[in-house]
């Protein structure tokens with residue numbers, strides 16, 4: 001067994017993880033393996049014992065991580081081999097994204113594999129020499145057994161150290177080639193890059209099912225936003241309709257939880273029927289924003305329903321009373337489970353519904369068709385197979401009665417499901433995820449005309465500013481019981497700053513805007529090396545142990561599939577410029593985009609976020625001031641808030657500093673306070689508007705009518 005300190009010599013198993021803040025790490029505390037958390041103690045032990053490190057990276061929401069924990073790491077022989085030959089380190093990828101990011105790169109460069117669980121074997125210096133993902137305890141299903149892997153790795157370590165060195169050298173060479181191009185000028189102009197991404201997005205677009213690529217199919221909300229912008233910029237309706245089909249098919253599919261709201265992580269089939277059942281904050285925040293954009297653009301009530309359902313899940317499952325939202329909900333509710341909480345058998349449906357409801361639900365949700373679980377065809381994922389009107393045929397119900405009956409049936413199913421053991425919710429409060437929720441809930445508050453969502457965004461921002469923010473250090477990665485921890489992560493500063501920008505813009509709150517400006521100043525001074533993209537961690541702010549590969553520079557520029565940290569900063573800077581009127585932020589965004597392009601020339605779909613930023617950069621922000629009071633002014637305000645434009649700001653009256661308006665708009669806004677809307681594109685302004693429908697069309701145009709060619 002691994003050597004323990006004298007103080008803990010009587011302890012067995014994963015005692016070091018028992019008091020962890022991480023739900024994932026605490027879940028391994030009963031295992032016989034002597035797990036270390038990520039930290040210097042493990043690396044010192046590996047050096048002292050001259051043993052390789054077994055690194056396991058996973059998350060509480062990860063189905064196959066549970067399978068490996070419950071099967072492989074609970075196997076007595078596996079535990080014995082690890083104790084005899086390795087120093088075992090377990091990492092929560094949500095708590096330590098910087099560790100996960102680097103070792104995903106290393107394992108992928110060596111093996112072409114990636115994902116979770118990530119299994120890597122390291123030298124005591126932290127260099128990867130072998131790795132993979134899931135390993136069963138014994139060989140089978142085309143995968144080598146972990147017993148055999150452990151025996152062979154331990155033999156190589158003792159008998160063939162030269163082969164270990166060859167692997168680490170090959171990895172170093174591969175990663176050097178991966179970084180080739182960083183710091184040089186791109187061969188593409190910004191506009192040519194946008195064209196390249198447009199072609200890539202269209203080449204992988206699925207015209208039947210919506211979305212991008214084949215199975216397994218992930219939502220790409222950033223690509224949806226890019227298509228909406230592309231239609232706006234080009235005047236071509238086709239990209240917008242592709243975005244609409246994608247949003248519609250996802251809303252119909254089993255990837256959306258029709259009973260409890262919110263989205264599962266991805267679909268195992270190209271038709272969105274069968275999901276991987278974990279629900280992630282990062283997915284739901286991004287999709288909530290995308291559906292808010294979609295509703296603005298198309299005024300489709302189906303999208304509004306998805307917004308409501310997703311908000312209900314977020315508020316009901318993830319919300320903390322003091323403010324903030326947890327990180328995820330697990331896919332499974334028990335060992336060996338695979339989506340049992342979220343799926344239905346016919347007997348379960350029959351026991352919860354009356355005969356009419358059962359017939360309606362069976363037809364509407366396609367029970368017994370494409371939603372049957374492959375491992376258990378008796379269980380069904382509910383997805384929208386047909387319309388309510390079609391589902392009502394033969395029931396004697398007209399369309400309104402059928403809709404009311406369906407809604408009542410869904411409430412019954414939701415109540416029945418709540419009586420099942422619920423999958424674990426990870427309550428960890430991460431700044432990046434909560435910054436995304438601040439932005440998404442602010443937009444949803446406007447879509448739903450629901451001030452409570454704006455209040456939830458405020459509570460979240462206030463909690464992180466009070467408990468997790470430090471002047472000169474930015475926002476911490478996590479708020480936990482011991483206090484704020486994990487300073488120096490780019491994704492936290494980027495997402496939280498953008499969230500504050502959107503909250504400040506809608507709430508017209510200078511304090512939030514001031515903090516956002518401080519964060520952007522910090523990002524540009526601490527994470528940026530001239531000519532390079534932004535680094536994922538700032539060396540002089542990062543408070544974690546700089547061990548293993550953590551010291552290696554990493555530049556997150558590709559969407560994975562969610563918006564990359566560099567793209568988040570670029571878009572946030574553009575939105576900040578539209579609030580403050582300062583061209584400095586647009587200039588910084590332009591320089592950042594230029595620094596990232598050499599790394600994105602072949603990114604295709606995964607460069608959509610930066611292409612969106614590059615496109616928005618070339619157009620003027622639209623700023624709207626609604627003047628006056630009363631119902632007519634309210635109608636103008638509501639129309640302006642629901643008008644589609646990728647870079648619009650709407651104010652009720654003249655905003656205070658540090659908000660700013662173009663001079664012509666500021667002068668006009670200081671005039672008589674009659675009911676009217678004032679609209680400007682950059683410094684070019686249209687005549688005042690008093691008709692809500694005309695105002696909506698005006699905002700949705702690319703320039704004032706008098707300036708069109």
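Each reported figure results from applying straightforward, stated rules to the coordinates on display, with no laboratory input. Predicted model, so just to flag it, every value in this text is computed and none were measured. When we count neighbours, we look across all protein chains shown, and the Cβ atoms used for this are built from the backbone with ideal geometry, even at glycine.
Quick look at the numbers
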{"read-out": "Separation of the residue 174 and residue 529 label points, Cα + 7 Å toward Cβ, nm", "value": "2.3"}
{"read-out": "Euclidean distance between Cα centres, the range 502-522 to the range 659-686, Å", "value": "22"}
{"read-out": "Separation in nanometres of the label points that stand 7 Å from Cα toward Cβ, at residue 700 and residue 334", "value": "5.1"}
{"read-out": "Rounded tilt (10° steps) of 631-641 against the dominant C-alpha axis of the chain", "value": "40"}
{"read-out": "Gained length - residue 422 relative to residue 389, 0.36 nm times residue gap less alpha-carbon distance", "value": "8.6 nm"}
{"read-out": "Taking 596, 62, 296 and counting other C-beta atoms within 10 Å, the order from fewest to most", "value": "296, 62, 596"}
{"read-out": "Orientation-averaged projected area, Cα convex hull of the range 6-178 (nm²)", "value": "9.8"}
{"read-out": "Tilt relative to the chain, helix 399-418 - C-alpha long axis, 0 to 90 degrees, to 10", "value": "30"}
{"read-out": "Mean residue ellipticity (222 nm) of the chain, computed from DSSP H runs ≥ 4 via -39,500 (n - 2.57), nearest 500", "value": "-15000 deg cm²/dmol"}
{"read-out": "The range 564-632 and the range 298-314: distance between their alpha carbon centers, rounded to Å", "value": "26"}
{"read-out": "Added length on full extension, which subtracts the Cα-Cα distance from 0.36 nm per residue, residue 401 to residue 64", "value": "117.0 nm"}
{"read-out": "Model label zone, residue 143; criterion: amide N under 15 Å from point 7 Å along Cα-to-beta-carbon; scope the range 84-115", "value": "113-115"}
{"read-out": "Nearest 10 degrees, 0 to 90: helix 355-364 Cα axis against the chain principal axis", "value": "90"}
{"read-out": "Rounded to 5, percent antiparallel among DSSP beta bridges of the range 6-178", "value": "55"}
{"read-out": "Simple label model, 7 Å out from Cα along Cβ direction - residue 187 to residue 378, nm", "value": "5.9"}
{"read-out": "Residues 214, 280, sorted so that the one with the fewest Cβ neighbours within 10 Å comes first", "value": "214, 280"}
{"read-out": "Calculated FRET value between residue 195 and residue 237, using beta carbons and R₀ = 25 Å, to 0.05", "value": "0.85"}
{"read-out": "Pairwise FRET efficiency - residue 467 versus residue 508, Cβ, R0 = 22 Å, nearest 0.05", "value": "0.35"}
{"read-out": "Sequence ranges 99-105, 479-485, ranked by mean other-Cβ count within 10 angstrom, highest first", "value": "99-105, 479-485"}
{"read-out": "Difference of contour (0.36 nm per residue) and Cα-Cα distance, residue 41 to residue 155", "value": "38.6 nm"}
